[in-house]
Amino acid sequence: MRKSLFLFAGLLLGYSALAQNTKTLFNNYINVKNALVKGDGKSANQAIEVFYKSIKGETNFVLKDALLKATEKMSKSTNLEKQRTAFNDVSTTLWQVVKGSDKVTQPVYYQYCPMKKAYWLSEEKDIKIPIMVPLC
């Protein structure tokens, strides 16, 4: 069973409570998600590193430390399945930062896999599951 929650959140136009350059941060997150969807371990490792550095380089924002910790857990593993598991924590933490925004400007889909009980964010409505293969 697939479940998709269509929710809007301001990510791409500089939502200051999240970060100074949210477009870059979100794009880096999406690159991690896409590499996990493809099951490409090398690309996933590279994307995770870039995403981690983009978080670290931002000025303070709500839940920055929690997002860094969750991303660090993902970056310490080179095992794709462990990275996918840790990606849920990254996604739910990022969602906590985003969902309370009063500056809703970009649609972001908060998606869910009931088989893994895991969430992720997407810029597209179609469900492409980064958590597991085969699809939920």
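At-a-glance table
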{"quantity": "Test: residue in segment 102-109 that is more than 16 Å from Asn34 (Cβ to Cβ) and either touching a Pro at 6+ places or on another chain (Cβ under 8 Å) or open to solvent by less than 30 Å² (accessible area, probe 1.4 Å) (or both)", "calculated": "no"}
{"quantity": "Near pairs, Cβ below 8 angstrom, 6+ apart or cross-chain, from segment 117-136 (surrounded by 13 or more Cβ atoms within 10 Å (Cβ to Cβ) and part of a loop (DSSP other than H, G, I, E, B)) to any residue that is aliphatic (A, V, I, L, M) and modelled with pLDDT under 65", "calculated": "Ile127/Leu135; Ile129/Leu135; Cys136/Met1"}
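The values are calculated or read from the model by the stated rules, or taken from the named source; none is laboratory data. Everything numeric here is computed off the predicted structure, so don't read it as measured data. Cβ: placed from backbone, ideal geometry, glycine included. Neighbour counts: every protein chain shown. Just the protein is used for accessible areas: all its heavy atoms, side chains included, with ligands, DNA and RNA removed. Shrake-Rupley method; radii C 1.70, N 1.55, O 1.52, S 1.80 Å.
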